[in-house]
Structures are given as structure tokens and as C-alpha cells.
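Working notes for the structure below.
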Amino acid sequence: MTNFWDDRYSDGKYIYGTNPNLFFKEFVMKHPIGKLLLPAEGEGRNAVYAAQCGWLVEAFDLSNEGRNKAIRLANEYNVNINYRIAGFDSVEYVSSEFDVIGLIYAHLSKEHKVGYYRRLLPFLKVGGFVVFEGFSKDQTKFQKINESAGGPRDVDMLFSEEELSMIFEGLEIIKLEKCNTILSEGIGHTGEASVIQMIARKSSFNL
Ligand SMILES: C[S@@+](CC[C@H](N)C(=O)[O-])C[C@H]1O[C@@H](n2cnc3c(N)ncnc32)[C@H](O)[C@@H]1O
């Protein structure tokens with residue numbers, strides 16, 4: 001998997017562009033500044049945007065090429081981000097360290113998505129938020145007619161609303177919505193797409 005992403009990112013261009021995902025951007029703009037974790041952050045577009053807004057940003061990803069590009073972008077905008085090479089299975093932070101965890105197109109295999117996402121929840125403060133955007137299972141329709149629509153071709157890596165409710169069971173779901181949108185994120189996500197957006201709050205220590 002690392003080589004797949006290193007190969008994709010080795011092109012000079014930013015595959016998903018240098019602007020943040022719009023749903024993430026809107027969340028960041030509306031919420032009080034705090035400490036943010038961005039797992040699977042790739043080339044750094046979301047991390048650099050949040051850092052520009054004054055957030056303290058930690059990110060991780062398995063891809064060295066992704067990290068290199070993220071650091072380059074942060075330098076271009078003269079902001080600091082902390083970006084580790086790490087995987088969901090082993091990354092460690094301090095308990096209750098983050099105000100927000102942003103899962104933006106952090107697609108994982110069927111056997112890992114529950115365990116890897118839930119592994120991050122102890123790092124979130126009580127009262128903190130998970131903000132999520134990923135492709136829904138309906139994205140397969142758009143992938144068939146547009147090869148740049150984006151998203152894994154393995155339907156098990158795509159999401160349904162029911163699955164997200166189950167994965168994040170125990171969090172207070174504030175928004176959970178499947179919608180069609182037009183993506184214009186670099187060359188990787190372009191055109192009509194079916195996404196699921198979620199905002200959920202951790203309201204208990206027992207996670
Ligand atoms: C579609 S890209 C999304 C990048 C970024 N979140 C964005 O929206 O621009 C998916 C990213 O997930 C990362 N990834 C995949 N499996 C991972 C794992 N087990 N641990 C950490 N990162 C992973 C890949 O390296 C890749 O950068």
C-alpha cells in the first residue's frame with residue numbers, strides 16, 4: 001500500500017490539489033481553534049489550511065512522498081505542521097490530546113476500517129469532534145462513467161451511513177449525510193461524486 005501511494009505522489013503535481021476539502025474547511029472555519037489530528041493526510045492540503053487558520057496540527061500517513069510534499073507545502077505557506085510517518089495500527093498520541101480528528105478520504109480495507117478508526121478515539125478529548133468525509137458505496141456509479149471521479153475501486157472500502165453509525169458507535173452523531181456533490185480536488189477527485197459527511201462528538205470517557 002505504501003508503494004502505491006508513494007508512486008502516486010511521486011508526480012510533481014499535488015494529486016488532490018493544494019486547497020482543503022470543502023466540508024473540512026467549513027468545519028475548521030466554524031469551530032474554535034484547537035489541536036487537530038489528521039490521519040492519512042497524504043500531501044498535506046488539509047493540514048496546511050488548518051495551520052494557516054491557527055490550529056495546532058498533527059498528521060500521519062504511511063507515505064514518505066506524501067509527507068515530503070506536505071512539508072514543502074507548509075514551508076511555502078510559512079506554517080508549521082507535525083507530520084509523522086506512521087500507520088493507523090501503531091500510531092500513538094497522548095490520551096485526550098486532540099480537540100478534533102479529521103478523517104478526510106481516509107479509506108481503509110474492510111477488515112481494518114472499524115478497528116483502525118476506533119483506535120484513534122482515546123486520543124480525542126471528551127467534547128471533541130470527529131469530522132469525516134469519504135466516498136459512499138454509490139460512488140461506483142460515477143467511477144464507471146468518469147475515471148477521475150476518485151475513490152477505491154474495492155466497494156468494501158467505500159462507506160454506507162449504517163456502517164459509519166456502527167464504526168462510531170458511542171459518539172454523539174451531529175450530522176451523518178450521504179449526498180451528491182461536484183468535486184474539484186486536483187486531478188484525483190473530479191466531477192460528480194457520492195460522499196458521506198459526518199460530524200460526531202465524543203461525549204464520554206469510555207471510548
Ligand atoms: C485518498 S488519500 C487521502 C489523502 C488526504 N487525506 C487528502 O484528503 O488529501 C489516502 C491516504 O491514506 C493513506 N493511508 C492508507 N492506508 C494507511 C494506513 N494504514 N495508515 C496511514 N495512512 C494510510 C495513504 O498513504 C494516502 O495518503
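Look at the stretch 1-57 and say how many of its residues are among the charged types (D, E, K, R) and over 24 Å from GLU92 (Cβ atoms).
Number satisfying all stated conditions: 8.
Could you list all residues from the stretch 126-152 that are under 18 Å from the mean Cα position of the chain (by Cα) and either of a type outside the set (A, V, I, L, M) or at pLDDT below 95 (or both)? Steps first, answer last, please.
To start, the set of residues in the stretch 126-152 that are under 18 Å from the mean Cα position of the chain (by Cα) comprises 128-137, 139, 149-152.
Within the stretch 126-152, GLY128, PHE129, PHE132, GLU133, GLY134, PHE135, SER136, LYS137, GLN139, GLY150, GLY151, PRO152 qualify.
What number of residues within the stretch 22-72 satisfy the criterion of being within 10 Å of the ligand (Cβ to nearest atom), in contact with an Asp or Glu (Cβ under 8 Å, 6 or more places away or on another chain), small (Gly, Ala, Ser) and part of a loop (DSSP other than H, G, I, E, B)?
Residues in the stretch 22-72 being within 10 Å of the ligand (Cβ to nearest atom), in contact with an Asp or Glu (Cβ under 8 Å, 6 or more places away or on another chain), small (Gly, Ala, Ser) and part of a loop (DSSP other than H, G, I, E, B): 3 in total.
May I ask you to verify whether SER165 is closer than 24 Å to SER96 by Cβ, under 18 Å from the mean Cα position of the chain (by Cα) and exposed (fewer than 15 other Cβ atoms within 10 Å of the Cβ)?
yes
With respect to GLY66, is the statement that it is at pLDDT 95 or above and at positive phi true?
No; evaluated as a whole, the condition is false for this residue.
Results for (1) out of contact with any Leu (no Cβ under 6 Å at 6 or more places or on another chain); (2) assigned to a helix (DSSP H, G or I); (3) within 10 Å of the ligand (Cβ to nearest atom), shown as yes or no for each residue.
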{"site": "GLY87", "(1), (2), (3)": "no, no, yes"}
{"site": "VAL100", "(1), (2), (3)": "no, no, no"}
{"site": "SER109", "(1), (2), (3)": "yes, no, yes"}
{"site": "GLY115", "(1), (2), (3)": "yes, yes, no"}
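Within the stretch 174-207, which residues are assigned to a loop (DSSP other than H, G, I, E, B) and hydrophobic (A, V, I, L, M, F, W, C)?
Within the stretch 174-207, the first condition is being assigned to a loop (DSSP other than H, G, I, E, B), and the residues that meet it are 186-188, 202-207.
If the condition is that a residue be assigned to a loop (DSSP other than H, G, I, E, B) and hydrophobic (A, V, I, L, M, F, W, C), then ILE187, PHE205, LEU207 are the ones that fit.
The values are calculated or read from the model by the stated rules, or taken from the named source; none is laboratory data. Everything quoted here is computed from the prediction, not taken from an experiment. Positions of Cβ are backbone-derived with ideal geometry, glycine not excepted, and every protein chain shown enters the neighbour counts.
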